[in-house]
Amino acid sequence: GNSADKAVDSRIPVIAIISQPATTYQRQFPDGGGNFSEVVGSYVDWVEQTGAEAALVPFDMPWHVLVKVLSNTQALVLPGGAAELVEFDKANKTTEYMDRIHKIIEWAKLRNKKQYYPVWGTCLGFEETVISFAGNNGKALLNGFDDKGKFHEVSLRPTFWKSKFFGNLDIEKKKIKS
């Protein structure tokens, strides 16, 4: 049969991965224009190895389209990378990219009031959540986060296993040191 005739399996979660401005490429190819965005392939692999589908979402698409796309996903990944979040030479003003990420996080927080919608931030993505939860304050990361090359023990609290994010995992809890 025709693959277009097959019904979509709604049991397979679709995870949005937000793109970033490809500032590295803009520096390497200055005549290429400013309309580059990227998602590193390892994030797609990471999502898809769980059985979910990855939806690559350009951060700069028109807002009404972006909301429509995100509304058809079950979670959001803010990947690591090298995008500029703060313009330090402009009194720590957030960049247009960070302003858009803040708007996306605010949208996700509203959605979470109606339907569970997890947001995962890796490295730069975590920094984005910190800035956003600080009211989109570009100064949020200036003090107290110099932690390069340090290791910290993670102690899991009993409520960890009851959380929406981790509570339904089918794993042996004994193998995870808590």
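The values are calculated or read from the model by the stated rules, or taken from the named source; none is laboratory data. For clarity, every value in this text was computed on a predicted model and none was experimentally measured. FYI the Cβ positions are ideal-geometry reconstructions off the backbone, even for glycines, and counts take in every protein chain you see. With ligands, DNA and RNA removed, areas are computed over all heavy atoms of the protein, side chains included. Shrake-Rupley method; radii C 1.70, N 1.55, O 1.52, S 1.80 Å.
Looking at segment 19-49, which of the residues that are open to solvent by 30 Å² or more (accessible area, probe 1.4 Å), outside any helix (DSSP H, G or I) and within 17 Å of L78 (Cβ to Cβ) is modelled with the lowest pLDDT?
Only one residue tops the list, namely S37.
Does M98 count as crowded, with 17+ Cβ neighbours inside 10 Å and either without any contact (Cβ under 8 Å) to a residue 12 or more places away in the chain or in contact with a Ser or Thr (Cβ under 9 Å, 6 or more places away or on another chain) (or both)?
Yes: the conditions hold for M98.
Being more than 25 Å from K139 (Cβ to Cβ) and touching an Asp or Glu at 6+ places or on another chain (Cβ under 7 Å) is the filter here, so list the residues in segment 40-94 that pass it.
A54 - this is the single residue of segment 40-94 that is more than 25 Å from K139 (Cβ to Cβ) and touching an Asp or Glu at 6+ places or on another chain (Cβ under 7 Å).
Do you know which of the residues in segment 61-93 that are more than 24 Å from N112 (Cβ to Cβ) and touching a Lys or Arg at 6+ places or on another chain (Cβ under 8 Å) is surrounded by the most Cβ atoms within 10 Å (Cβ to Cβ)?
Per the stated criteria, the residue is V86.
Say we look at segment 123-178 and pick out the residues that are of a type in the set (K, R), modelled with pLDDT under 75 and assigned to a loop (DSSP other than H, G, I, E, B); which of these is surrounded by the most Cβ atoms within 10 Å (Cβ to Cβ)?
Across segment 123-178, the extreme among qualifying residues is K177.
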